Amino acid sequence: MTRKILIGLTILLCQHNWSDANGQTTQPNIIFIMSDDHTSQAIGAYGGRLKRLNPTPNIDKLAANGIRFENAFCTNAICTPSRANIISGQYSQTNGVLDLDSHLDTDKQYLPQELKKLGYSTAMVGKWHLANEPIHFDYYKVLPGQGKYFNPTFREKGQGKWPTNVVTSKGHSSDVITDVSIDYLKKLDKTKPFFLMHHYKAPHDMFEYAPRYEDYLKDVEIPEPASMYNQPYFGSEGTRGKNDSLLSYIGTSVSPRNKQANSKSNYANLFFGEINDPKLQTHLAYQKYLKDYLRCVKGVDDNLGRLFDYLKEAGLWENTVIIYTGDQGMMLGEHDYIDKRWMYDESMRMPFVMHCPNIINKNMVSDLLINNTDYAPTMIELAGGNTPDYMQGKSFINTLKGKPEENWREATYYRYWMHVIHHYVPAHFGIRTKDHKLIFYYGKHYLPQEQFKEHYWATEYKGIENETPHTWEFYDLKNDPEELHNRYNDPDFKEVIRQLQAELKKQRMELNETDRDYPFIQAIVDKHWED
């Protein structure tokens, strides 16, 4: 029996109730949509203090007609590692992408390779941010690095040799990226199922929105998180320093708190430095931060409306799985933090919404504990394949079909490696269950100091040789969902913490996430494990 026949039989046996207009079994198209730094707090379907602003009516409608996951988390809340986790189905040490300056090997672009084996045409449009050429896609048109908000250049397949295959465009990136995807879909061979990764640059800082959104929210007062002003029981010496000695250093801020010589170290001084009242500075800075951010979000949502309209007009809507997510979350002033990187929920949680006709019921909500290594296995199984053994994530296709998952994780692992680079966030790792969170701040960079110059720009590595305090934090999420009270030293939680530490140690071994290659970090872990 030939390999082609075997693959065909596998697809036929594994397909999940998809049919065309004539009732014939067929594979679904898959569109994976990802925005950069779009957090669940800024999506109406997830509720919260920003819901009444109605920033995302199209995403909300997608959720209402599909499924919303409330416990979707990244394993490393920074752009490049998260994208590598998604496309490889692997954790950071296994795929080799620990930080922003790591490059994903081209042979680990696993997701498009697996879908091509199943007969899919594959395309990547928009923000790629994985450095090497996306060689395993049949078509690509991607932003170089971060890309530009206005008049972005792209590297396009068929326009020369990477990385000189540069083409120009005019307009705002969210509009242009949507145009590119729609044009690609119009020209597509409709006899084959397609897989499209459609990635926006927005709403990444510095939040350059299209001029048409200038008046959006202009006269609206954006609700503020109370923790931006007051949180006496939050954090530890690892995030605050002994006797709060590191408050002016750790964590870029909305308020004037962070005093580092970085143009983005705090929004208050960046935009309102002439005002002497810190509380007024903070208020004004927050309003600008959120309005600019939400204007970018609005641009994304409006363009999704345009993309969805095209899919309906072209007769593709009912046979296309649509996934919407962000590459991680984003701190929107909670704990007086900006940016991502942290293991706190606003940063670690990813929005994850799916339109999956013929499988799921409308308006489903799941509390299954998933992470971004699970996305590729799920898409592969939706396409009729099986999760490859080399992937560490697991398919949650049973949840989409309304069935229970067997032997599912009860805790998800997290690690941030880029010690105090850019936004002064200490290196840390931990686990999160549905009810609890345990974090260890080991506070040291993984590279020896002599390698900093090779790995980072000079402006980035200044100061990262310094260790920050080594401390634990524990949050009782069931009773403290905003993570305002670190209860690591509370005797009432001693047994829960012991169990979480055991699970953390177990997962670090099972997931190839130990520090055997970084003995100076392992020494810190060993010394402070039972603090």
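The values are calculated or read from the model by the stated rules, or taken from the named source; none is laboratory data. It should be emphasised that the depicted structure is a prediction, and the values quoted were computed from it without experimental measurement. We place every Cβ from the backbone using ideal geometry, glycine too, and count neighbours over all the protein chains shown. For accessibility, only protein heavy atoms count, side chains too; no ligands or nucleic acids. Shrake-Rupley method; radii C 1.70, N 1.55, O 1.52, S 1.80 Å.
Could you please find all residues in region 482-498 being more than 14 Å from GLN231 (Cα to Cα), free of Cβ contacts under 8 Å to residues at least 60 places away in the same chain and either surrounded by 14 or more Cβ atoms within 10 Å (Cβ to Cβ) or touching a helix residue (DSSP H, G or I) at 6+ places or on another chain (Cβ under 6 Å) (or both)?
Across region 482-498, the qualifying residues are PHE493, ILE497.
I'm trying to understand the selection: among the residues of region 163-185, which are over 18 Å from GLY305 (Cβ atoms) and either open to solvent by 50 Å² or more (accessible area, probe 1.4 Å) or at pLDDT below 95 (or both)?
PRO163, THR164, VAL166, THR168, LYS170 - these are the residues of region 163-185 that are over 18 Å from GLY305 (Cβ atoms) and either open to solvent by 50 Å² or more (accessible area, probe 1.4 Å) or at pLDDT below 95 (or both).
Does any residue of region 465-472 turn out to be in a strand (DSSP E or B) and in contact with a strand residue (DSSP E or B) (Cβ under 8 Å, 6 or more places away or on another chain)?
Yes, that holds for at least one residue.
Six or more apart or on different chains, Cβ under 6 Å: which pairs go from a residue in region 192-215 that's more than 15 Å from TYR289 (Cα to Cα) to one that's of a type in the set (A, V, I, L, M) and part of a loop (DSSP other than H, G, I, E, B)? Could you list them?
Cβ pairs passing all conditions: PHE194/LEU188.
Taking region 251-277, which residues are open to solvent by 20 Å² or more (accessible area, probe 1.4 Å) and within 20 Å of HIS423 (Cβ to Cβ)?
Of all residues in region 251-277, those open to solvent by 20 Å² or more (accessible area, probe 1.4 Å) come to 257, 259-264, 269-277.
The answer is ARG257, LYS259, GLN260, ALA261, ASN262, SER263, LYS264, ASN269, LEU270, PHE271, PHE272, GLY273.
Which count do you get for residues in region 303-358 that are over 12 Å from the mean Cα position of the chain (by Cα), among the basic types (Lys, Arg) and under 17 Å from MET228 (Cα atoms)?
Residues flagged as over 12 Å from the mean Cα position of the chain (by Cα), among the basic types (Lys, Arg) and under 17 Å from MET228 (Cα atoms) within region 303-358 amount to 0.
With the checklist (1) charged (D, E, K, R); (2) touching a Lys or Arg at 6+ places or on another chain (Cβ under 9 Å); (3) open to solvent by 20 Å² or more (accessible area, probe 1.4 Å) in hand, flag the one item LYS201 doesn't pass.
(3)
Can you tell me how many residues in region 317-333 are among the acidic types (Asp, Glu) and either out of contact with any strand residue (DSSP E or B) (no Cβ under 7 Å at 6 or more places or on another chain) or farther than 19 Å from MET197 by Cβ (or both)?
1
Which of the residues spanning region 196-222 are within 20 Å of the chain's Cα centre (by Cα), among the hydrophobic types (A, V, I, L, M, F, W, C) and at pLDDT 95 or above?
Matches in region 196-222: LEU196, MET197, ALA202, PHE207.
Within region 237-257, can you find the residues that are among the basic types (Lys, Arg) and either over 14 Å from TRP342 (Cβ atoms) or over 27 Å from the mean Cα position of the chain (by Cα) (or both)?
Within region 237-257, LYS242, ARG257 meet the criteria.
From the list ARG52, ARG83, which residue is open to solvent by less than 20 Å² (accessible area, probe 1.4 Å), assigned to a helix (DSSP H, G or I) and either modelled with pLDDT under 95 or among the basic types (Lys, Arg) (or both)?
ARG83
Given (1) in contact with a helix residue (DSSP H, G or I) (Cβ under 8 Å, 6 or more places away or on another chain); (2) in a loop (DSSP other than H, G, I, E, B), where does ASP175 come up short, assuming only one miss?
(2)
Answer yes or no: is there a residue in region 511-529 that is within 18 Å of ASP99 (Cα to Cα), open to solvent by less than 30 Å² (accessible area, probe 1.4 Å), in contact with a His (Cβ under 7 Å, 6 or more places away or on another chain) and touching a residue at least 12 places away in the same chain (Cβ under 8 Å).
Scanning region 511-529 turns up no residue that is within 18 Å of ASP99 (Cα to Cα), open to solvent by less than 30 Å² (accessible area, probe 1.4 Å), in contact with a His (Cβ under 7 Å, 6 or more places away or on another chain) and touching a residue at least 12 places away in the same chain (Cβ under 8 Å).
Out of (1) outside any strand (DSSP E or B); (2) at pLDDT 95 or above, the odd one out for ILE323 is which?
Condition not satisfied by ILE323: (1).
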